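A.B. asks: This is the structure, below, for whatever I ask next.
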């Protein structure tokens, strides 16, 4: 094993120890219309990943934007998944990340929208950019 590979292995182990939240990364489905009842049924989502992650704010302040007729504050986050994560499909902009458990109880229930999915062979974790649109 080269010195670089050893350093990456140590870094990936250290990054995994920081992943204290539990998240679900998924692609929302389209609601199924029931022609008999005339009602939209629940949408079936494609779960891309469920497990440990690190959810870290990128900066302390949010940015207010107008969405429709409401003001929305955008807060940017970096979500780090284990380096070895394999997904059934590549995550894409618009996919969702829900935080289901965290040592910080205020993060439980946080929903994030994926804004970028960069790749790097020398990263210690798979870092996904996302934003909170509340």
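Only the coordinates and a few stated rules stand behind these numbers; no lab work does. Quick caveat: nothing in here was measured; it's all calculated off a predicted structure. Because the Cβ atoms are built from the backbone with ideal geometry, glycine has one as well, and the counts that use them run over all protein chains shown.
A.B. asks: Taking 0.36 nm per residue of separation and subtracting the Cα-Cα distance, what length does fully extending residue 100 through residue 47 add?
C.D. replies: 17.7 nm
A.B. asks: Who wins for biggest fluctuation among 15, 92, 105 in a Gaussian network model of the chain, springs between alpha carbons below 10 Å?
C.D. replies: It is 105.
A.B. asks: How large is the convex hull of the Cα atoms of the chain per residue, expressed in Å³ as a whole number?
C.D. replies: 136
A.B. asks: If you don't mind, there's one more thing I want to ask. Could you compute the FRET efficiency for residue 37 and residue 111, with r as their C-beta to C-beta distance and R0 at 35 Å, rounded to 0.05?
C.D. replies: E(calc), rounded to 0.05, equals 0.80.
A.B. asks: If you don't mind, another one. Cut-off 10 angstrom, C-alpha nodes, Gaussian network model of the chain. Which of 55, 30, 39 fluctuates the most?
C.D. replies: Judging by the Gaussian network model, the answer is 39.
A.B. asks: According to a simple spin-label model (label point 7 Å from Cα along Cα-to-Cβ), what is the distance in nm between residue 84 and residue 30?
C.D. replies: It works out to 3.8 nm between the two label points.
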